[in-house]
Every structure is written in structure tokens, then in C-alpha cells.
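Accompanying notes for the structure given below.
Values in this text are rule-based calculations from the coordinates and carry no lab data. As the structure is a prediction and not an experimental result, all values here were calculated from the model. All Cβ positions, glycine included, derive from the backbone under ideal geometry; neighbour counts span all protein chains shown.
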Ligand SMILES: Cc1ncc(C[n+]2csc(CCOP(=O)(O)OP(=O)(O)O)c2C)c(N)n1
Ligand SMILES: [Mg+2]
């Protein structure tokens with residue numbers, strides 16, 4: 001049967017299980033949009049193509065499978081670049097479909113022509129330019145396979161307008177594309193080497209990253225931690241891979257990791273790095289990183305091994321497969337003294353815990369996040385933006401479930417949260433979803449509030465409104481003598497802004513008010529935006545200054561100091 005390229009596109013997408021796509025139409029993708037009406041696809045009309053890519057990304061991160069974004073050529077495609085790079089840095093499987101000018105016009109600076117496959121070459125796993133209708137079906141299959149296999153990531157499919165319009169004799173092909181699956185098993189020598197290092201270690205720490213979640217290796221991680229009695233530190237993107245309340249969960253490591261976690265890493269004699277990539281925000285100064293530790297690293301991407309940190313044993317493969325093989329041979333071990341030592345360090349840090357401070361009349365972001373955590377019992381899906389609030393979320397929202405923290409780690413993309421939360425909503429219709437955003441980042445993609453209204457979906461948005469580009473202000477406070485260059489930030493009235501969209505707007509500026517607005521937001525059937533007016537010049541502690549050793553943290557001043565120095569908001 002004859003079909004147009006546009007029909008082949010949608011039929012192929014439906015065969016991949018796609019039910020929702022996020023996009024924005026335009027001339028070069030018009031044939032595809034016209035054909036879309038014949039297929040069982042829900043199209044979410046975004047307000048900016050960056051939003052479409054973050055929605056596809058949020059959909060994927062929340063467990064919905066490969067997310068799909070679609071847009072037109074030229075500016076539509078270039079607007080997607082930030083979202084593609086965001087997905088690439090965090091290994092998120094998305095497929096971006098763009099229209100391209102008709103093939104005879106390519107290379108002539110045609111209206112809305114841009115070389116998007118060239119532009120996205122370094123920020124995709126692969127990018128295709130398709131100019132023949134008969135290639136569309138195969139390319140879509142390959143694109144989905146590539147996006148989700150091995151180390152997941154974004155794939156771009158750029159389809160010329162004439163390829164969408166022309167007819168072809170396409171037959172669906174259920175054969176998997178012949179692409180390699182990089183899953184070598186754990187070799188006996190690596191397995192024995194790991195068992196040997198583990199059995200001789202007195203101070204082991206597991207470093208768990210997003211690879212545990214992507215590889216669905218939560219049960220194996222837990223079994224390893226319990227049987228070998230090894231505490232688990234997490235990267236920002238690894239949060240949720242072991243419940244926060246689990247006895248062996250230490251919390252987040254790195255630049256804003258808790259002090260006991262970073263000290264444990266620096267004092268460790270063995271690190272087991274699982275599905276993480278020793279990002280510079282995690283290691284601090286590489287020269288003095290975990291100086292006494294032997295190191296084992298398992299990652300599906302062989303190019304990550306020995307990239308930043310030289311390791312004793314490097315295993316490239318599926319982390320779940322490797323751990324299962326290891327567990328078959330692992331005897332139970334005990335590290336009581338080591339775990340007691342870490343517990344004591346954790347106890348010492350409690351005096352600096354801001355949530356334990358008496359009410360000074362000031363509202364701190366930590367209180368807001370603490371209350372959201374308490375009310376939702378650590379079980380909501382939280383989507384954060386980038387900045388101070390992101391780090392406070394990681395510290396004060398104790399995630400009990402996997403895939404429940406969605407955040408831009410590698411690229412650190414402001415504007416991510418609101419659209420990513422929309423994507424998560426479509427992946428997890430039954431989940432409670434909170435977007436926790438800064439006043440700065442919210443304004444970058446706030447147009448997607450209109451998308452929320454048009455789609456009539458339920459999301460709670462907590463704006464941590466500190467009147468500053470807070471994380472940059474913090475760096476200026478610590479490292480640039482408080483010269484606040486371009487960080488004070490004026491915002492619109494967020495309550496009125498919400499109301500203008502037909503969305504409920506609430507506000508809280510004192511600590512006792514937080515509980516009430518959080519409860520109201522949870523009960524409201526529709527979307528709610530809450531403007532939390534928090535302390536303006538609070539900082540995220542601990543902080544490892546860029547380039548410093550991991551244990552050289554700037555700590556939060558102890559209670560009394562903080563109460564005295566807290567400045568009034570005006
Ligand atoms: C697109 C983008 N531009 C700039 C930055 C640099 N940056 C990182 S955090 C930050 C401040 C964020 O301010 P806000 O959204 O108010 O959050 P806060 O830190 O105050 O919680 C900036 C400008 C970024 N991460 N992303
Ligand atoms: Mg701010």
C-alpha cells in the first residue's frame with residue numbers, strides 16, 4: 001500500500017509505542033502535522049521548542065520510555081538545541097524530529113534552512129538527515145533503538161519536506177536494526193578482583209549514579225550494600241536508587257554533598273563506583289581525590305573508564321548484570337566500626353541543620369522543601385530547576401522512590417523544571433508531581449504555564465523566590481567580595497501570573513504559612529503555583545569551592561551565628 005513519508009513517520013512512531021509527542025508546527029514540518037491527525041497521537045502544543053525537548057526528556061526520566069519532540073526547520077530546530085544537550089549530558093533517551101527544507105533547496109540558504117544535523121552532531125548519539133520517504137521507517141526504528149540502547153541519549157531525525165510529501169511502498173519491518181548491544185559479562189578475573197578488594201577493605205563506600213536507575217539495578221545495589229555492609233553515597237542524578245530511609249544510604253556527595261559523605265569518600269580505602277562518571281562536581285580536586293582508596297568502576301560506557309579517575313578495576317558493561325554476577329559469589333561482610341564512624345560524623349553535622357533552627361521569623365528554602373517532603377512522605381516526583389533550590393532539594397527532600405528526582409545535572413539547564421514536569425505528568429499520570437524552581441529559572445520557560453493550562457493538567461509549582469539568581473549570588477558572596485553584579489532579580493507577581501492562566505496562585509512568606517499552602521496545593525484538583533518568599537541571602541552549605549579538595553568544605557555557620565546574621569527581607 002502506498003503511503004506518504006509523513007504517514008510512514010507516524011505509523012512508525014505508533015509502532016514504537018509512542019502515544020504523546022511534544023511539539024510546535026511550522027512550514028517544513030507541515031506535511032507531518034497534517035498526517036498526524038489520522039493517528040492515535042496526543043500532541044502537546046508547547047510555547048517554545050526548548051520546552052518540547054525538556055518535556056520529552058522529563059517524560060523519559062520519569063519512566064515513560066523514549067520521549068519524542070517535534071518541530072520545524074531553522075529556528076524551530078535551533079530552539080531545541082539546549083534541550084538536546086541537556087538530554088545528552090544526562091543520558092536521557094529522546095528522539096527529536098525536525099522538518100527540513102525540501103531537498104532541492106538544501107545548501108542554498110533557503111528560508112528557514114539550518115544544518116541541524118551538523119549543529120547537533122556533538123550533542124546527540126546520532127543525527128540523521130532523511131531525504132527519501134522509503135528511508136523514514138528504518139531510520140525511526142534505528143533512532144529509537146539507538147536512543148535507548150547502551151548508554152541512552154538523544155537522537156535527531158531531520159526529514160526534508162519533500163520526503164514527508166512523497167509516496168512510497170513501505171512495509172513495516174519488525175526486525176531489530178543490526179546495532180551492537182555493548183553488554184559484555186563480568187569476567188572471572190574482574191569478579192575475583194572485586195571480591196578480593198571488597199574482602200580486604202575496612203572502609204568501603206559505594207558511589208551510585210544514574211546508571212543504577214537507567215540499568216534498573218536498584219535491587220542489586222541494595223543487595224550489595226546490605227550483604228557487604230557498605231554505605232552508599234549518591235550523585236545528584238543517582239538520588240532515589242536506594243530509599244533515603246535505608247540504613248546504608250548516606251546521601252549526596254560532591255560540591256554540595258553533606259560533610260559526612262565527602263569525608264567518608266576521602267577517608268575510604270575502597271570506592272565502588274557504579275553507573276557514575278566522576279564528574280568534576282563530584283570529585284573536587286582530582287589530585288587529592290580519595291587518596292587512600294582502591295577504585296572499582298562499572299559503567300556501560302567504556303569511554304568513562306579511566307577518563308577522570310584512574311581505577312584499579314574498570315568494567316564496561318551493564319551494571320545490573322555485573323552486580324548479579326558478583327552477588328552469586330559474595331559472602332556477607334561486616335563494616336560496623338566504619339559505619340559507626342560515619343554516623344558520628346553525621347551527628348556532629350546536625351548542629352548546622354537549618355531545619356532544626358528555632359523560628360526566627362525568616363523563611364528559609366530548606367523549611368519549604370522540608371515541609372513538602374514531610375507532607376508527601378518522600379514519595380512525590382520532584383522536578384527541579386538549576387541553582388540553590390536544586391541543591392537544597394537534593395539535601396532536604398529525602399527521596400524514597402526511584403525515578404522520583406528529575407533534574408538537569410550535567411548541563412545544569414535553567415528553565416528545565418517546568419517543561420520537564422509537564423513531560424513527567426504524561427509519563428506518570430497517577431503520580432504527585434512538584435516542580436521546585438527558582439525565581440530566575442522559572443522565568444526562562446514560564447510560558448509553558450500556558451501549556452499546563454491548555455492541557456488542563458495537575459502540577460504543583462513551588463517557586464523558591466529569593467529575589468536573586470541565588471547560586472551565582474552565592475559565588476559572588478564567597479569569591480567576589482559580595483559584588484552582586486547582575487544577580488538581583490525582579491520578578492512579576494507570580495500569584496497574578498498564575499491567575500492570568502486560570503491556575504491557582506498562592507503565596508507564603510513566613511514559616512507557619514508553609515504547611516497550609518502545601519496542603520492546599522495538594523488538595524486542589526488543578527495546577528497550583530506557590531510563590532515562597534524566602535530569605536534572600538541564604539547560601540547552600542556545605543560547599544566545596546571549585547578546584548578545592550573534596551574535604552575542604554565551607555560549612556554553614558553554627559546556629560547562633562546564623563540567627564544573628566540573618567538579614568531582613570525588604
Ligand atoms: C540557561 C542557564 N543560564 C545560566 C546559568 C547559570 N546559573 C546557574 S544557577 C543560576 C541562578 C539561578 O537563579 P534562580 O533560578 O533564581 O535559582 P536560585 O539559585 O536562586 O535558587 C544561574 C544564572 C544556567 N545554569 N543556565
Ligand atoms: Mg533565585
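How would you order 486-494, 301-309 from highest to lowest mean count of nearby Cβ atoms within 10 Å?
Numbers: 486-494: 14.0, 301-309: 16.3.
Packing order, densest peptide first, comes out as 301-309, 486-494.
Ranked from highest to lowest mean number of other Cβ atoms within 10 Å per residue, what is the order of the peptides 110-122, 273-285? Walk me through the numbers before you get to the answer.
Numbers: 110-122: 16.4, 273-285: 23.1.
Highest-to-lowest ranking by the protection proxy: 273-285, 110-122.
Counting other beta carbons within 10 Å of each residue's own, what order do 54, 551 fall into, fewest first? Don't jump to the answer; show the numbers that get you there.
Values: 54 38, 551 19.
With the sparsest Cβ surroundings first, the list reads 551, 54.
Using only the alpha-carbon atoms of the chain as identical scatterers, what base-10 log of I(q)/I(0) does the Debye formula give at q = 0.06, 0.12 Å⁻¹?
-0.31, -1.18
Could you check the spin-label model distance between residue 332 and residue 510? Points 7 Å from the Cα along Cα→Cβ, value in nm.
5.3 nm
Name the shape class, rounded, prolate or oblate, that the alpha-carbon gyration tensor gives for the stretch 188-347, where a ≥ b ≥ c are the square roots of its eigenvalues, rounded holds for a/c under 1.5, and otherwise prolate holds if a/b is larger than b/c and oblate otherwise.
Working: a/c = 1.27, a/b = 1.11, b/c = 1.15.
Taking the square roots of the gyration eigenvalues as a ≥ b ≥ c, the stretch 188-347 is rounded.
Cα centroids of the stretch 377-415 and the stretch 232-253: how far apart, whole angstrom?
Distance between centres, Cα-based: 13 Å.
Would you mind calculating the gained length between residue 192 and residue 401 on full extension (0.36 nm times residue separation, minus the Cα-Cα distance), in nm to one decimal? Display every interim value, and only then the final one.
Working: separation 209, 0.36 × 209 = 75.24 nm, distance 3.21 nm.
Additional length available on full extension: 72.0 nm.
Could you give the length gained on full extension between residue 546 and residue 111, defined as 0.36 nm per residue of separation minus the Cα-Cα distance, in nm? Don't jump to the answer; show the numbers that get you there.
Values: separation 435, 0.36 × 435 = 156.60 nm, distance 4.46 nm.
152.1 nm is the gain from fully extending residue 546 to residue 111.
With the contact rule set at Cα under 8 Å and sequence spacing of 6 or more, what percent relative contact order holds for the stretch 133-227?
25 percent
Using the 10 angstrom Cβ neighbour count as an exposure proxy, how do 199, 316, 73 rank, fewest first? List each step's numbers first, then the result.
Working: 199 11, 316 17, 73 25.
Going from least to most buried by this count: 199, 316, 73.
If you average the sequence gap of Cα pairs under 8 Å that are 6 or more apart and divide by the length of the chain, what percent do you get for the contact order? Walk me through the intermediate numbers first.
On the way: 1280 pairs, mean separation 80.0, N = 570.
This gives 14 percent for the chain.
If you find the alpha carbon centre of the stretch 34-91 and of the stretch 204-228, how far apart are they in angstrom?
Cα centroid to Cα centroid, the span is 31 Å.
Hey, what D do you get for the stretch 2-169 in µm²/s if you plug the Kirkwood alpha-carbon radius into Stokes-Einstein at 10 °C and 1.306 mPa s? Don't skip to the end; give the middle numbers.
On the way: Rh = 15.1 Å.
Result for D is 105 µm²/s.
In deg cm²/dmol and to the nearest 500, what is the mean residue ellipticity at 222 nm of the chain if only DSSP H runs of at least 4 residues count, each as -39500 (n - 2.57), divided by the residue total? Let's see the in-between values first.
Values: 24 runs with 216 residues, N = 570.
Theoretical 222 nm ellipticity from helices: -10500 deg cm²/dmol.
Please check which bits of the stretch 263-278 a label hung off residue 286 would reach, taking the label as a point 7 Å along Cα-to-C-beta and the cut-off as backbone N under 19 Å.
266, 271-278
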